[in-house]
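Okay, structure first, notes after.
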Amino acid sequence: MYRRKHLRRTYRKNTRRTLRKTNTLFREILFFLQRLLRRPFVKTVLLIFVILTILLVPVPWLITKITPSADPGHFGKSSRTAPFALAEIPKKVTVWRTASHKTETVDFEDYVKGVVSSEMPSSFPLEALKAQSVAARTYSLGKIQKSETGGNPKSHPEAPVCDSTHCQVYQNPSDLKSIKGSSWMEDKDGWKKICKAADATCGQLLYYRGELVQQALFHSSSGGKTENCQDVFAASVPYLVSVDSPYEDEATHQNEQHTFTVENFAKKIRAYCPKIAFGDIKSSNIKIISRSTGGNVEKMQIGNGLIEGRTVREALELPSTNFTIKISAGKITFTSSGSGHGVGMSQYGASGMAKKGYDYKDILAHYYQGTEVW
Ligand SMILES: [Zn+2]
């Protein structure tokens, strides 16, 4: 009994001693810290540490939450953030193949690659190919959206898009291999460059005031100035307005001449416009009456008839409506510049801009005025 009491007393004594020791140690540490904090140097170091912690952790986090990614495409569609609702991009698209009269269902981004490689030479600069990728992606999505509400186009009711110039030219890798060769498929400036351009802009689309651009039209070259949409097609579109296209030096179809005898010219025009009473067509009654803002011929007088410049272009198979005429010795010579309808992005202009150091967003913002990439 005595032994047990003694042991208990010794235990209590030891515990009290340990507690006292711990308290003393704790007090000493506190005292040391107080003395340390009184030193100006330590105060400065602590202040810097606190400021750095605030700057390096919560502020960058806040910035990434508030502002959109500078180049969201590199991270795919899922990371796209915009101040408005973004268009939903389908995983697959069904394409009407005009040669085989069959539909082909492919991954949407593979379709974009097939369009870019068919619509723009892979020798063009990467930034121009990236601009083309965004334009092609936007244009086809516009078509798909339209078909969802109004049905597929009458010329191909089986699919929202076809593989011809009616929509956008599309060739799959198998077609491309047989057309361009297997070396082009392996070349870093061939198929791989097309894939690089499309992948770098993966999921990116053009928007105008928060709405998906429905008509991302493009053409080969404008001859120096693009066209207002309403001057070529019926309706005006706010982002398809005439702009200078100053870097088309390398464009094909510049100052291209086409000469016809007046008789042959008259024959072609009459055959193309059988309902118009031209009367007697002769050198003295062939005239350009008006031009558009972009410089294309709007109206021409031919004999007693008045016809549109684009009709003349189609009848004579001229590369563009940006032409002048010269009549002498019973012959009429058309000198045209540019190729295509002249509305939206000039592909050679895009190439020229890229060579001058502009990136794909600059190119798109120039040719589709007021639009932005998201
Ligand atoms: Zn089509």
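Read-outs throughout are calculated quantities, based only on the coordinates presented, and are distinct from any laboratory measurement. What you see is a predicted model, and the numbers here were worked out from it, not measured in a lab. So basically every Cβ, Gly included, is an ideal-geometry build from the backbone, and we count neighbours across all protein chains shown.
Listed values, structure above:
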item	result
Computed over the range 256-336: relative contact order in percent, which uses C-alpha pairs under 8 Å that are six or more apart	34 percent
Sorted by Cβ neighbour density within 10 Å, fewest at the top, the residues E109, E317, E104, E250	E317, E250, E104, E109
Relative contact order (%) - the chain, alpha-carbon pairs under 8 angstrom, separation at least six	18 percent
K91-S283 pseudo-label distance in nm [points 7 Å out on the Cα-to-Cβ vector]	6.9 nm
Neighbourhood net charge (12 Å Cβ-Cβ; Lys/Arg +1, Asp/Glu -1) for G224	-3
log₁₀ of I(q)/I(0) at q = 0.11 Å⁻¹ - the range 108-247, Debye sum with one point per alpha carbon	-0.44
Label point at F233 placed 7 Å out along Cα→Cβ; residues across the range 133-159 whose backbone nitrogen lies under 12 Å	139-140, 142-143
Within the range 316-332: backbone nitrogen closer than 16 Å to the N255 label point (7 Å, Cα to C-beta)	323-326
Global form of the chain, assessed from the alpha-carbon gyration tensor, a/c cut-off 1.5	prolate
Antiparallel content of DSSP bridges confined to the chain, in %, to 5	85 percent
Given K143/K225; K130/K355; K282/K331, the pairs whose alpha carbons are separated by over 19 Å	K143/K225
Summed side-chain charge close to T335 - residues other than T335 whose Cβ falls under 9 Å, Lys, Arg +1, Asp, Glu -1	0
Only Lys, Arg (+1) and Asp, Glu (-1) charged, at Cβ; the chain dipole about Cα centre in debye	4940 debye
Size of electric dipole in the range 144-240: Cβ of Lys, Arg +1 and of Asp, Glu -1, about Cα centre, debye, nearest 20	180 debye
Fewest-first ranking of T293, T94, using other Cβ atoms within 10 Å as the exposure measure	T293, T94
Local electrostatic count, F265, Cβ distance below 12 Å [Lys/Arg +1, Asp/Glu -1]	+4
Residues L205, L56 arranged by fewest to most Cβ contacts within 10 Å	L56, L205
Computed [θ] at 222 nm, deg cm²/dmol, the chain (DSSP H ≥ 4; -39,500 (n - 2.57); rounded to nearest 500)	-13500 deg cm²/dmol
Computed E for D110/D359 - FRET, C-beta separation, R0 25 angstrom, nearest 0.05	0.55
Label-to-label distance, nm, for residues given as T293 and T81 (7 Å Cα→Cβ offset)	3.7 nm
Signed unit charges on C-beta, dipole axis of the chain, positive-most listed residue Q301, G181, P40	P40
